[in-house]
């Protein structure tokens with residue numbers, strides 16, 4: 001019995017492969033499309049793509065083109081070819097504005113860009129693009145069934161950009177560019193007032209102001225010491241139990257000691 005089942009399975013595979021190979025070689029577009037659709041339904045997306053790519057150029061404008069381009073786009077999406085899928089899905093949306101698949105394709109197109117977004121430490125060009133695409137989808141389809149997931153993606157993308165901005169600002173402090181750090185941290189705090197990195201940003205701003213002031217030329221030292229004291233106050237006002245309290249207090253004591261030189 002097992003031998004019979006094995007034989008039938010092998011025979012099926014041979015017939016299937018033979019059908020696919022014939023479809024690749026034939027000039028009959030209808031046969032290519034039929035076999036491509038079978039491969040799509042069977043989850044054989046790479047084989048489906050190969051056939052769709054053969055017939056796509058000549059399919060534009062035909063009555064069945066919408067269905068074919070939908071399957072082609074989704075084959076690319078389901079095989080994780082997100083650059084190509086994003087392009088094809090956006091093209092589908094633009095080409096078939098009345099399609100019942102338009103909303104679905106618009107969401108998956110935006111999702112492709114989300115999936116292309118790299119980790120926060122890398123260049124965030126694709127993250128900004130993904131955020132624009134996803135926000136556009138939300139604006140166009142405010143009642144979409146995909147809205148909850150789209151909002152989750154937007155939140156994740158914004159958080160990634162926020163972390164990137166903080167790490168860049170912090171890096172100025174790390175490399176001892178204290179003027180650059182102050183400007184970057186002030187911009188970060190202005191751009192992200194509710195950020196979870198606020199306490200850290202306030203501390204590194206104080207740290208940068210303190211180090212800039214302590215090592216400053218005499219003509220600018222008093223002003224910079226006073227500013228450092230202000231940034232300390234901002235940190236303590238935000239959280240008087242901050243994890244940086246002990247270190248910050250020691251730095252403040254030195255600032256105040258230096259300021260005494262200007263009150264004599």
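Computed from the coordinates by the stated procedures, all read-outs in this text should not be read as laboratory data. Everything quoted here is computed from the prediction, not taken from an experiment. Methodologically, a virtual Cβ is constructed for each residue, glycine included, from the backbone with ideal geometry; neighbour enumeration extends over all protein chains shown.
See the values below:
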| read-out | value |
| --- | --- |
| Rounded tilt (10° steps) of 2-25 against the dominant C-alpha axis of the chain | 80 degrees |
| Ellipticity estimate at 222 nm from DSSP helix runs (n ≥ 4, -39,500 (n - 2.57)) divided over the chain, nearest 500 | -26000 deg cm²/dmol |
| Packing-based ranking, highest mean first, of 169-180, 243-254 given that Cβ atoms within 10 Å are counted | 169-180, 243-254 |
| Helix 29-41 axis, angle to the chain major axis (alpha carbon atoms, nearest 10°) | 50 degrees |
| Three-way shape call for region 50-106 based on the alpha-carbon gyration tensor, with the a/c threshold at 1.5 | oblate |
| For region 76-122: rounded, prolate or oblate by the Cα gyration tensor [a/c cutoff 1.5] | prolate |
| Length-normalised contact order for region 122-264 - Cα pairs under 8 Å, 6+ apart - percent | 16 percent |
| For the chain: relative contact order, % (alpha-carbon pairs under 8 angstrom, 6 or more apart) | 8 percent |
| Cα gyration tensor shape for region 136-264, rounded if a/c is under 1.5, else prolate or oblate | prolate |
| Scaled radius of gyration (Cα, divided by 2.2 N^0.38 Å) that the chain gives | 1.63 |
| Between 0 and 90°, nearest 10: helix 125-140 axis offset from the chain longest Cα axis | 70 degrees |
| Dmax and Rg, reported as Rg then Dmax, of region 80-175 (C-alpha, Å) | 15.2, 55 |
| Spatial separation of Cα centroids for region 76-113 and region 145-160, in angstrom | 17 Å |
| Cβ-Cβ FRET estimate between residue 222 and residue 186, R0 fixed at 25 Å, reported to 0.05 | 0.75 |
| P(r) weight above 21 Å for region 19-93, C-alpha pairs, percent | 18 percent |
| Relative contact order [Cα under 8 Å, 6+ residues apart], region 46-168, whole percent | 17 percent |
